[in-house]
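Please read the structure below before turning to the comments.
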Amino acid sequence: MDVLLTVPDLGLRRLHRGKVREMFEIDDDRLLMVATDRLSAFDVVFPQGIPGKGRVLTQMSALWFAATRHLVPNHLITTDLSGLDLPEEARPLLAGRSMVVRRARRIDVECVVRGYLAGSGWKEYQAGGTVCGVPLPQGLKLSSRLPEPIFTPALKNDLGHDENVPEAEVRRRFGDEVTDFIKERSLALYGFAAEQAEKAGIILADTKFEFGFDGDRIVLIDEVFTPDSSRYWPADRHREGEPVDSLDKQPVRDYVERIGWNKQPPAPELPEELIQETARRYADVLERLRQVLHAG
Ligand SMILES: Nc1ncnc2c1ncn2[C@@H]1O[C@H](COP(=O)(O)OP(=O)(O)OP(=O)(O)O)[C@@H](O)[C@H]1O
Ligand SMILES: [Mg+2]
């Protein structure tokens, strides 16, 4: 299987290179979003790729975009590249891992929804009983399910890390109308997806969305419900009070902890079996979700 680490010259202007995906300009109205097979953990990209990962991420996003259109419109136009003017030799590399999307004016908020206590949310809760300023009942443990999913936005900051802010700050910057819309749609999307995922034996612990303006309507952009934007937990491994291994990257996280990597670049080489195991996990999550989403 081919492993794509860097997208070759496509004759299109590259607008952005993220840790995993690359964004190209097709024209004023459309972008080409390509998911490579790069793997990141602890915000660092590994030297090796995960075969199939970019295609899994793209297919998963596409599946969820289709399944959630009734809740909110989204930017996906097509995953079929035949109508685009591209170098012939690039077509097989791009196939299955690319989306043509409507170019939107991004609303600079990461719309995070949490249904369970994990990660930075757990740290903040331990320190003061809140998550992003949202007060929560006492007595919750690591990995506890929250009484209700909560909206915990972060401001997108192109320079470095996103900054968690109280919802009031989002209201101050973007106004009540926009804030109400993105908050309500985020909670609705999470609720729907968490319910579907549960049927596949998967807990969607938390996730994040981005929205943008397409003309004067707000649409869902970027990627949606991928393991890169969400915490997927195997339901049968969930124990309150204990950390839960994420379905996709946990073997990699465990490995780098074991060898004592300090989590600063460069990331270490990963053993071949670990790469194959990770590839299998990504493919397995996609397959399980495909079954429930197609059944529903
Ligand atoms: N339809 C769209 N219109 C305009 N911009 C979009 C659209 N969809 C996604 N984007 C933007 O494209 C970029 C995709 O970048 P990507 O997620 O690969 O990298 P990143 O967010 O900078 O870093 P990270 O690797 O941490 O995710 C994001 O800045 C996202 O906001
Ligand atoms: Mg991103």
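No value in this document is a laboratory result; all are computed from the given coordinates. Owing to the predicted nature of the structure, the values given are computational and were not obtained by experimental measurement. Ideal geometry is used to build each Cβ from the backbone, glycine not excepted, and the neighbour counts take in all protein chains shown.
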Legend entry - Contact order relative to length of the range 106-249, as percent, for alpha carbon pairs under 8 angstrom and 6 or more apart: 28
Inset, instruction - Just round it to a whole percent: the fraction of Cα-Cα distances in the chain exceeding 32 Å. - result: 25
Inset, instruction - With a point put 7 Å past each Cα toward its Cβ, work out how far Arg17 is from Ser120 in nm, to one decimal. - result: 2.5
Inset, instruction - Determine the distance separating the Cα centre of the range 88-124 from the Cα centre of the range 192-248; give it in Å without decimals. - result: 11
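Give the relative contact order (percent, whole number) for the chain; include only Cα pairs under 8 Å separated by 6+ residues.
Reported relative contact order: 20 percent.
Sum -39500 (n - 2.57) across every DSSP H segment of at least 4 residues in the chain, then divide by the residue count to get the 222 nm mean residue ellipticity, nearest 500.
Numbers: 6 runs with 95 residues, N = 296.
Taking each H run of at least 4 residues, the total per residue is -10500 deg cm²/dmol.
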Legend entry - Residue-span extension gain [Glu198 to Leu71] - 0.36 nm each, minus C-alpha spacing: 43.8 nm
Legend entry - Under 20 Å from the Ala168 label point (7 Å along Cα→beta-carbon), backbone N, the range 118-151: 124-125, 128-137, 150-151
Inset, instruction - Could you sort out which of Lys19/Lys208; Lys19/Lys156; Lys123/Lys199; Lys19/Lys123; Lys141/Lys263 sit more than 19 Å apart by Cα distance in this structure? - result: Lys123/Lys199; Lys19/Lys123; Lys141/Lys263
Inset, instruction - Mark the label point 7 Å from the Cα of Arg217 along Cα→Cβ and return the residues of the range 172-205 whose backbone N is within less than 17 Å of it. - result: 178, 181-182, 185-186
Inset, instruction - Run the numbers on the range 1-77 and let me know its relative contact order in percent, using alpha-carbon pairs under 8 Å that are six or more apart. - result: 25
Inset, instruction - Sort all Cα-Cα distances of the range 13-103 into consecutive 10 angstrom bins from zero, then give the percent of pairs in each bin up to the one containing the longest distance. - result: 16, 47, 32, 6
Legend entry - Cut-off 16 Å, label 7 Å out along Cα→Cβ of Lys141, residues of the range 216-242 by amide N: 236-242
